[in-house]
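Participant: Before we start, here is the structure in question, set down as structure tokens.
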Amino acid sequence: MTSFDLVLRGGRVIDPESGLDAVSDVAVSRGRIAQIGNGPVTAPVDLDVTGHIVTAGFVDVHSHVTDVAGMRLRALDGVTTAFELEGGVTPVEPAYRRAAAEGRPINYGFAASWALARMATVGGVDLDAGLGTFMANIATPAWQGPATPVQISQLLDRLSADLADGALGIGMLVGYAPGVDPAEYLRVARLASGAGVPTFTHARDLIEIVPATLIDGAEEIVRAAAETGAHMHYCHLNSTSLRHVDRVLDVVGRAQAAGSRVTTEAYPYGSGMTGIGAAFLAPERLPERGLTPADLTYAPTGEQVATEERLRQLRADDPGGLVIIRHLDEDSPADRDVMLRSLVFPDAVVASDAMPLTWSGVVPDQMAWPLPGTAFTHPRTAGTFSRALRLLGTGDGPLGLTETLRRCSLRPAQLLEDRVPAMRRKGRVRAGADADIVVFDPASVRDRATYADSTRPSAGIRHVLVNGELLVRDGAIVTTALPGQPVRASAR
Ligand SMILES: [Zn+2]
């Protein structure tokens with residue numbers, strides 16, 4: 001008898017890397033998977049998981065959730081690692097320090113933030129190492145204007161300092177600053193290429209949406225990959241492409257075929273969410289995306305925006321206030337087809353774009369659990385991965401179970417592993433891998449969060465281990481568990 005810390009007994013173990021798919025025991029010791037097999041083992045924690053899938057915990061490369069409460073909600077969707085990469089933070093060091101001091105339930109990490117670096121160097125904004133600063137200044141024209149050569153070199157210096165501090169890449173919210181010179185985007189991509197890290201872009205407007213855009217959003221990303229050699233990751237391709245998704249996927253597919261390193265992600269929802277002060281939500285610009293004010297729901301009050309005047313007022317009073325944007329009708333088969341196209345694209349990863357919880361009334365302590373009923377978010381925060389399993393991987397889903405799991409764990413880990421050796425131990429179920437494990441019931445796994453009830457946890461997620469520690473046991477959060485660890489890039 002060999003003794004371990006914990007054993008998951010009798011589950012169907014799926015490892016998307018090796019192709020392992022067999023009923024087996026999984027033994028965990030000191031935070032790692034120690035053994036997979038059916039030999040005699042003992043452990044103080046011995047869980048019978050017969051009838052369940054045992055696989056690698058989900059790795060989310062697009063999450064704006066950084067507090068304990070929101071991360072617990074993510075864990076109930078099977079997420080064991082979640083990174084703030086598209087927005088990023090600047091400076092990264094205090095963000096890592098704060099998370100380590102407070103403790104986090106799941107693994108975390110940050111990219112350097114081009115937008116925040118620009119807010120500081122061009123817009124004169126004081127930074128506090130959080131995305132809140134971005135939201136508060138989202139509508140301020142000062143940071144979106146042209147930059148002098150001196151400002152650009154200051155901006156690049158800031159990003160370089162963050163990369164030296166272990167930032168996982170560079171987040172580029174260029175879609176929020178449509179007037180920025182495309183040459184600046186290329187400079188940042190060149191910096192990333194030199195450092196060997198990926199960039200994560202919220203694309204600029206597509207030419208079909210804004211014919212006067214300085215450069216087509218999709219072409220800008222693939223051009224940067226071709227000209228600089230950088231790994232360009234195309235964030236939420238679904239929500240910036242909308243009904244032009246086929247043209248955008250064609251652009252990306254051709255770039256990939258030509259040898260450029262362009263990767264993509266998508267989330268399985270028809271509505272977006274961002275700060276109501278975003279440039280593309282100006283009343284006069286809504287028709288570009290076929291929207292009217294009534295397609296917007298202001299999260300802090302749940303109010304459907306009635307008129308252009310009301311939209312102007314909300315943008316002025318609370319530019320960072322979160323708003324749901326109804327782009328596609330999830331109940332319409334034609335729109336659902338549009339929604340799924342970016343998810344079934346070869347090698348696209350599932351990523352949530354999870355949003356911070358918005359509270360009506362008093363903001364509770366982040367350790368409060370169960371979640372008080374006064375929180376609102378986008379349902380993608382609570383349900384992305386279970387919904388992906390339901391729509392893509394179970395029943396007659398277009399990808400099947402193993403391929404869907406690969407896009408939820410292994411593929412996202414691989415996006416980062418060149419410069420982040422720790423990611424080579426994630427997204428896998430094999431001896432020596434980190435014991436970040438999700439155990440779920442394939443018959444009942446499904447998302448339950450809706451636009452009306454946005455923080456309802458997913459169903460069917462039975463156990464979640466992070467670094468070998470039980471964070472979710474029998475479908476419930478273990479409130480004493482804060483096993484999340486920082487993930488940082490290694491120095492070159
Ligand atoms: Zn975005």
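Participant: Arranged from highest to lowest average of other beta-carbon atoms within 10 Å per residue, in what order do the peptides 47-54, 235-242 appear? Show your work: numbers first, answer last.
Facilitator: On the way: 47-54: 18.4, 235-242: 25.0.
So the order, starting with the most tightly packed, is 235-242, 47-54.
Participant: Let me ask another. Starting at 0 and stepping by 20 Å, how many percent of the alpha carbon pairs of the chain end up in each bin?
Facilitator: 25, 59, 15, 0
Participant: While we're here: How many angstrom separate the Cα center of the stretch 239-301 from the Cα center of the stretch 348-427?
Facilitator: About 19 Å separates the Cα centre of the stretch 239-301 from the one of the stretch 348-427.
Participant: List the residues whose amide H sits under 5 Å from the amide H of Arg32, counting only those 5 or more places along or on another chain, with H placed 1.01 Å from N in the peptide plane.
Facilitator: Counting only residues 5 or more places away or on other chains, the set is Ala435.
Participant: Starting from the 7 Å offset along Cα-to-Cβ, what nm value, one decimal, do you get for the label separation of Ala257 and Trp359?
Facilitator: Computed distance between label sites Ala257 and Trp359 equals 5.2 nm.
Participant: Using +1 at the C-beta of Lys and Arg and -1 at the C-beta of Asp and Glu, which of Cys408, Ser444, Leu470 has the Cα lying farthest in the positive direction of the dipole of the stretch 402-473?
Facilitator: Towards the positive end, the residue furthest out is Cys408.
Participant: Each residue of the stretch 142-159 in order: what ³J(HN,Hα) in whole Hz does its phi give by Karplus 6.51 cos²θ - 1.76 cosθ + 1.60, θ = phi - 60°, with x for Gly and Pro?
Facilitator: 3, 7, 8, x, x, 10, 6, x, 5, 4, 5, 5, 5, 4, 5, 5, 4, 5
Participant: About its Cα centre, how strong a charge dipole does the chain have in debye, to the nearest 20, once Lys and Arg get +1 and Asp and Glu get -1 at the Cβ? Show your work: numbers first, answer last.
Facilitator: Details: 46 positive and 57 negative charges, 191 e Å.
That gives the chain a dipole magnitude of about 920 debye.
Participant: A follow-up question, please. Can you give me the long-range amide H partners of Ala43? Hydrogens built in the peptide plane at 1.01 Å from N, cutoff under 5 Å, separation of 5 or more residues or another chain.
Facilitator: Phe4
Participant: When ranked by the protection proxy of mean other Cβ atoms within 10 Å per residue, highest first, what sequence do the peptides 246-257, 458-469, 398-409 form? Kindly include the intermediate steps, with their values, before the conclusion.
Facilitator: Numbers: 246-257: 17.4, 458-469: 23.8, 398-409: 21.8.
Sorting 246-257, 458-469, 398-409 by mean packing, highest first, produces 458-469, 398-409, 246-257.
Participant: Just want the ordering: Val472, Val68, from fewest to most Cβ atoms lying within 10 Å of their own Cβ. Don't skip to the end; give the middle numbers.
Facilitator: On the way: Val472 25, Val68 21.
Result, fewest neighbours first: Val68, Val472.
Participant: Now a separate question. Please report the relative contact order for the stretch 58-419, taking Cα pairs under 8 Å with a sequence separation of at least 6, and give it as a percent rounded to a whole number.
Facilitator: Details: 735 pairs, mean separation 65.8, N = 362.
The value is 18 percent.
Participant: Which cross-chain or sequence-distant (5 or more) residues have an amide H under 5 Å from the amide H of Glu86, H modelled 1.01 Å from N in plane?
Facilitator: Residues meeting the criterion, in which the H sits 1.01 Å from N, are Ser63.
Participant: Next question. Using +1 at the C-beta of Lys and Arg and -1 at the C-beta of Asp and Glu, which of Thr264, His327, Ser193 has the Cα lying farthest in the positive direction of the dipole of the chain?
Facilitator: Working it through, the farthest residue towards the positive pole turns out to be Ser193.
Participant: Same structure again: How large is ³J(HN,Hα) for each residue in the stretch 273-280, as worked out from phi by the Karplus curve 6.51 cos²θ - 1.76 cosθ + 1.60 (θ = phi - 60°), to whole Hz, x for Gly and Pro?
Facilitator: 7, 7, x, 5, x, 4, 3, 7
Participant: To the nearest 20 debye, what charge dipole does the stretch 92-219 have about its Cα centre, counting +1 at the Cβ of each Lys and Arg and -1 at the Cβ of each Asp and Glu? Working shown, then result.
Facilitator: Numbers: 8 positive and 13 negative charges, 48 e Å.
Charge dipole, the stretch 92-219, about its Cα centre: 220 debye, nearest 20.
Participant: Of all DSSP beta bridges in the chain, what percent run antiparallel (nearest 5)? Numbers along the way, then the final one.
Facilitator: On the way: 39 of 71 bridges.
If I count the DSSP bridges inside the chain, around 55 percent turn out antiparallel.
Participant: Here is a follow-up. Going by average Cβ neighbours within 10 Å, how do the peptides 285-291, 422-428, 14-20 rank, with the highest at the top?
Facilitator: Details: 285-291: 14.9, 422-428: 22.4, 14-20: 17.0.
Result, highest mean first: 422-428, 14-20, 285-291.
Participant: Between Thr148 and Ile207, 0.36 nm times their residue separation minus their Cα-Cα distance comes to what? Numbers along the way, then the final one.
Facilitator: On the way: separation 59, 0.36 × 59 = 21.24 nm, distance 2.67 nm.
Extra length available between Thr148 and Ile207 comes to 18.6 nm.
Read-outs: derived from the displayed coordinates by stated rules, not from any lab. Computed from a predicted model, the values in this text were never measured in an experiment. FYI the Cβ positions are ideal-geometry reconstructions off the backbone, even for glycines, and counts take in every protein chain you see.
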